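See below for the structure under consideration.
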Amino acid sequence: MTTKTLETKPKRIMNQVAPTPSAENDSTDALDSTQYAIEAEKLNGWYGDFQALHEISLKIPKNQVTAFIGPSGCGKSTLLRWFNRMNDTIFSARASGDLRLGDIDLLAPSTDVVDLRRRVGIVFQKANPFPKSIFENVAFGPRLHMQLNKSELSDLVEWSLRKAAVWKEVKDRLNAPALGLSGGQQQRLCIARAIATGPEVLLMDEPCSALDPASTLAIEDLMDELRDQYTIVIVTHNMQQASRCSDKTAFFFEGRVVEFDTTETIFTKPSSQKTEDYVRGRFG
Amino acid sequence: MNRDVAESKASSTTLDARASELLSRGRKDLAITRIKEIVIYVALIACGFFSLLITVSIIGVLLTETLRFFRFDEVTLSNFLGSAEWTPLLGETKSFGIWGLISGTLLVTGIAMAFALPLGLVTAIYLSEYAPRKVRDLLKPILEVLAGIPTVVYGFFALMTITPFLQWLHGGFNVYNAMSAGLAVGILCFPTVCSLAEDALQSVPKSLRDGALGLGGTRFDATIKVILPAALSGIISAFLLAVARAIGETMIVALAAGSRPQATIDPRDEIQTMTGFMVQMAGGDVSNFGTEYFSMYAVAFTLFLITLSLTMLGNVVRRRYRETYE
């Protein structure tokens, strides 16, 4: 099978789940009519009594890579985990303010988190493949959300693995355990797994912090490839990474957004002294 | 200024001398430490070998007395392994068919496991994956209390409470019956299954839960499709340990199951298990040291072989299904 046919086929499969704006009704029109994927307005977040987020207001542009930078404990991962409500798994976590994905209120208790997490995929700091085969890992999401026959499923798995630039390395051992892969391959597998559910937004929480430079580069290239179709938000401690692969950068400090601008501005002529000190490596 | 330097120089030379004195003493202490280390090492080896010695001598006694049993004229191996008629006390018409006792043990164990395994696993899943922390903090100690009740208490609970209840439900239950004993053994094993299975579920890394939830799985999806398979080896170990415990359980069956060995699958009937028979023998029902007395060792040895093979099966299963998460 050639790459050409695969590029189109699985997309059609996914369109049944996440239809394109033209074919869809007004519920996703609202999202597509703006140029922002996620909008936060005066968002406050707590873990128990500790306030981790203060008055966060920012708009994540669609189909771009947005980087969150800042010293450890500054709230960037916390904010990321509110974007798809992963914080629900943390007992003491709560938030107030306004956080929207298109017209969906992300903080409303009534929000269907299952559907939300299909639309807003997440890749964690440490690769967390399930103790299953490579194929089953990628097929996990589609099996949950879609009714696919065998060949449709295997096409979708292949497409996802190709998208995540790991297909060549695993195509001959799809039934081998995913835990036998190297760290970098595991992380790309996790990206493939996230892509396979057809998300609009891809959240990446320090996806390269446990990887060697070659794997890191592979994942950065991958983000570059993916930005056409996905809105990507990446948390990173690596200044070079943020400057290399993001379009916009938000600098966080002590639970607040100090500065949010184009990456070029943040790294060349930031308006805040704090930002400048951080990106120059003077603290953090 | 100069004086300060001189002073600090002087004090540093005395400090040097002091330090070298202390360090040389430290070297002597090192020798003592080494001797201590050797003493501890020997003590540890001795303890290790002591446990080995106990195991070997118990097996040795069981084996020699079992061989003694088979040397009696009235005992044949074909009768022992090929019959379900266990009547060692019937004078002239003695028969030593071990299946009469094994069937009793299996019936009680089967009833106990049919009760304890599903209930234990479901409770473990609830506690590990669903229960709010407060509920969990309340339920876990209660389960531990349940595990700490002496088995003789379960025994008379079976005889005085479960059996009358069963008889009230259905008239066909004997005063001594397999069902009552089986249920009590099941209640006994339930906390074991529950707590070990819960440990197995809890040891699955949170990152796998997050992974499943992050892909849009419900809590049930995460539990059934990811966490349970990942914890499988631990859960199977918990099951096998519970089975071994049920097979070896003695007081409950001695009190509630009766003393009539027979190969039956009717849970209303009086039966006798291997352990129950041994209690009867060792408890002094026979005073002479004849065949029936030594038959106790043959039963004990059989029981030992059964639990040993379960333990080995457990090890194989653990190795076969072990998942490494990293």
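Remarks
Yes/no per residue for (1) open to solvent by 50 Å² or more (accessible area, probe 1.4 Å); (2) more than 25 Å from residue A:122 (Cβ to Cβ); (3) touching a residue at least 12 places away in the same chain (Cβ under 8 Å):
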position: A:233; (1), (2), (3): no, no, yes
position: A:237; (1), (2), (3): yes, no, yes
position: A:246; (1), (2), (3): no, no, yes
position: A:250; (1), (2), (3): no, no, yes
position: A:264; (1), (2), (3): yes, yes, no
position: A:269; (1), (2), (3): yes, yes, no
position: A:272; (1), (2), (3): no, yes, yes
position: A:275; (1), (2), (3): no, yes, yes
position: A:280; (1), (2), (3): yes, yes, no
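- Contacts under 7 angstrom Cβ, first residue in the range B:184-200 being closer than 14 Å to residue B:158 by Cβ, partner among the acidic types (Asp, Glu) and buried (at least 23 other Cβ atoms within 10 Å of the Cβ), 6 or more apart: B:185/B:249; B:188/B:249
- Odd one out for residue B:256 among (1) within 14 Å of chain A (Cβ to nearest Cβ); (2) surrounded by 15 or more Cβ atoms within 10 Å (Cβ to Cβ): (1)
- Of the numbered criteria (1) under 17 Å from residue A:129 (Cα atoms); (2) within 14 Å of chain B (Cβ to nearest Cβ), the one residue A:201 fails is (1).
Yes/no matrix, rows are residues, columns are (1) more than 14 Å from chain A (Cβ to nearest Cβ); (2) touching a strand residue (DSSP E or B) at 6+ places or on another chain (Cβ under 8 Å); (3) assigned to a helix (DSSP H, G or I):
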site	(1), (2), (3)
B:233	no, no, yes
B:237	yes, no, yes
B:246	yes, no, yes
B:269	yes, no, no
B:279	yes, no, yes
B:295	yes, yes, yes
B:314	yes, no, yes
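- Tally of residues being without any contact (Cβ under 8 Å) to a residue 60 or more places away in the chain and either within 26 Å of the chain's Cα centre (by Cα) or in a helix (DSSP H, G or I) (or both) across the range B:62-94: 11
- When restricted to residues that are within 17 Å of residue A:42 (Cβ to Cβ) and either among the small types (Gly, Ala, Ser) or open to solvent by 50 Å² or more (accessible area, probe 1.4 Å) (or both), the range A:77-97 contains 4.
- Considering residues of the range A:125-159 that are without any contact (Cβ under 8 Å) to a residue 40 or more places away in the chain and of a type in the set (Gly, Ala, Ser) only, the residue surrounded by the most Cβ atoms within 10 Å (Cβ to Cβ): A:154
Every residue, every condition in (1) within 13 Å of the chain's Cα centre (by Cα); (2) of a type outside the set (D, E, K, R); (3) open to solvent by less than 10 Å² (accessible area, probe 1.4 Å); (4) within 14 Å of chain B (Cβ to nearest Cβ), yes or no:
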| residue | (1), (2), (3), (4) |
| --- | --- |
| A:161 | no, yes, yes, no |
| A:175 | no, yes, no, no |
| A:180 | no, yes, no, yes |
| A:186 | no, yes, no, yes |
| A:217 | no, yes, no, no |
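- Checked against (1) crowded, with 19+ Cβ neighbours inside 10 Å; (2) more than 10 Å from every other protein chain (Cβ to nearest Cβ); (3) within 24 Å of the chain's Cα centre (by Cα), residue B:199 passes all but condition (1).
- Filter pass, residue B:217 being open to solvent by less than 50 Å² (accessible area, probe 1.4 Å) and under 19 Å from the mean Cα position of the chain (by Cα): no
- Members of the range B:201-235 that are small (Gly, Ala, Ser) and closer than 11 Å to residue A:144 by Cβ: B:212, B:216, B:217, B:222
- Residue count, the range A:55-91 (criterion: over 18 Å from residue B:210 (Cα atoms) and not charged (D, E, K, R)): 18
- Some residue of the range A:104-117 being at the interface with chain B (Cβ under 10 Å from one of its Cβ atoms) and open to solvent by less than 20 Å² (accessible area, probe 1.4 Å): yes
- Selection within the range B:298-316: residues that are of a type in the set (Ser, Thr, Tyr) and at pLDDT 90 or above. The member of this set that is farthest from residue B:281 (Cα to Cα) is B:309.
- Index of the failed condition, residue B:263 passing every other in (1) open to solvent by 50 Å² or more (accessible area, probe 1.4 Å); (2) within 23 Å of residue B:117 (Cβ to Cβ): (2)
- Residue in the range A:44-76 that is most open to solvent (accessible area, probe 1.4 Å), counting only those that are in contact (Cβ under 8 Å) with a residue 60 or more places away in the chain and in contact with a Gly (Cβ under 6 Å, 6 or more places away or on another chain): A:54
- In the range A:163-173, the residue that is nearest to the other protein chains (Cβ to nearest Cβ) out of those that are open to solvent by 20 Å² or more (accessible area, probe 1.4 Å) and under 24 Å from residue A:118 (Cα atoms) is A:163.
- Residue in the range A:119-128 that is among the charged types (D, E, K, R), within 14 Å of chain B (Cβ to nearest Cβ) and over 27 Å from residue A:275 (Cβ atoms) present: yes
- Hey, residue B:239 under 24 Å from residue B:100 (Cα atoms) and aromatic (Phe, Trp, Tyr) or not: no
- Condition check for residue A:97: at the interface with another protein chain (Cβ under 8 Å from one of its Cβ atoms) and not in a loop (DSSP other than H, G, I, E, B): no
- Set side by side, the residues B:273, B:250 differ, and just one is more than 21 Å from residue B:317 (Cβ to Cβ), touching a residue at least 24 places away in the same chain (Cβ under 8 Å), of a type outside the set (A, V, I, L, M) and open to solvent by 30 Å² or more (accessible area, probe 1.4 Å), which is B:250.
- Subset tally (residues that are touching an Asp or Glu at 6+ places or on another chain (Cβ under 8 Å) and in a helix (DSSP H, G or I)) for the range A:106-152: 3
- Residue B:163 meets each of the listed conditions (1) open to solvent by 30 Å² or more (accessible area, probe 1.4 Å); (2) touching a residue at least 12 places away in the same chain (Cβ under 8 Å); (3) within 28 Å of the chain's Cα centre (by Cα); (4) more than 14 Å from chain A (Cβ to nearest Cβ) apart from (1).
The values are calculated or read from the model by the stated rules, or taken from the named source; none is laboratory data. Predicted, not measured: the structure shown is a model, and the values here were computed from it. FYI the Cβ positions are ideal-geometry reconstructions off the backbone, even for glycines, and counts take in every protein chain you see. Just so you know, the surface numbers come from the protein's heavy atoms only, side chains and all, with ligands and any DNA or RNA stripped out. Shrake-Rupley method; radii C 1.70, N 1.55, O 1.52, S 1.80 Å.
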